[in-house]
Amino acid sequence: QVQLVESGGGLVQAGDSLRLSCAASGRAFSTPATAWFRQAPGKEREFVAYIKYTPYYADSVKGRFTISRDNAKNTVYLQMNSLKPEDTAVYYCAKGSGGSSRYGYEFWGQGTQVTVSS
């Protein structure tokens, strides 16, 4: 029962930009908030950004990443600029009630790999 589909990951160089997409359907689409989390090798899953009425960001990505949505396409985007090697991780889309905790989200995508080389 796939309700979140992610795309847009890849291999880029430091300083480059990348845009991730998350398409929602079914019960996942009906939830009010959408978030992006990431998990780097050897680390716990980390909050990146979420949007409900207004967008919120982790300090590590403020000024570089932008979360947005296209309601007509049931899609949320994560625009990532000025990428750094430390941004390398598997990025996950999630939908639920909101907040910076993973426990606020019921539905999760499969994850997409982002690798930033130096």
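Restricting the first member to region 60-89 and to residues that are modelled with pLDDT of 95 or more and open to solvent by less than 50 Å² (accessible area, probe 1.4 Å), and the second to residues that are assigned to a loop (DSSP other than H, G, I, E, B) and of a type in the set (Val, Ile, Thr), the beta-carbon pairs closer than 9 Å and six or more apart or on different chains are Met80/Val61; Asp87/Val61. All conditions but one from (1) polar (S, T, N, Q); (2) in a strand (DSSP E or B); (3) surrounded by fewer than 20 Cβ atoms within 10 Å (Cβ to Cβ); (4) in contact (Cβ under 8 Å) with a residue 40 or more places away in the chain apply to Thr34; the one that does not is (3).
Pro41 meets each of the listed conditions (1) open to solvent by 60 Å² or more (accessible area, probe 1.4 Å); (2) touching a Phe, Trp or Tyr at 6+ places or on another chain (Cβ under 9 Å); (3) at pLDDT below 95 apart from (2). Of note, Arg69 satisfies the criterion of being under 21 Å from Ser97 (Cα atoms) and touching a strand residue (DSSP E or B) at 6+ places or on another chain (Cβ under 6 Å).
If you go through region 47-66 and keep only what is under 12 Å from Ala94 (Cβ atoms) and of a type outside the set (A, V, I, L, M), you end up with Phe47, Tyr50. Within region 1-21, residues that are under 17 Å from Gln110 (Cβ atoms) and part of a loop (DSSP other than H, G, I, E, B) sit with their Cβ atoms under 9 Å from residues that are at pLDDT below 95 and of a type in the set (Phe, Trp, Tyr), at 6+ positions apart or across chains, in these pairs: Gln3/Phe29. For region 90-118, the tally of residues that are more than 18 Å from Gly15 (Cα to Cα), in contact with a Gly (Cβ under 6 Å, 6 or more places away or on another chain) and surrounded by 16 or more Cβ atoms within 10 Å (Cβ to Cβ) stands at 8. Might you let me know whether region 51-59 holds any residue that is over 25 Å from Glu106 (Cβ atoms) and in contact (Cβ under 8 Å) with a residue 60 or more places away in the chain? No, that holds for no residue.
The values are calculated or read from the model by the stated rules, or taken from the named source; none is laboratory data. Because the structure is a prediction, the values reported are computed rather than measured. Glycine gets a Cβ as well: all are built from the backbone with ideal geometry, and neighbour counts include every protein chain shown. The accessibility values were calculated without ligands, DNA or RNA, using every heavy atom of the protein model including side chains. Shrake-Rupley method; radii C 1.70, N 1.55, O 1.52, S 1.80 Å.
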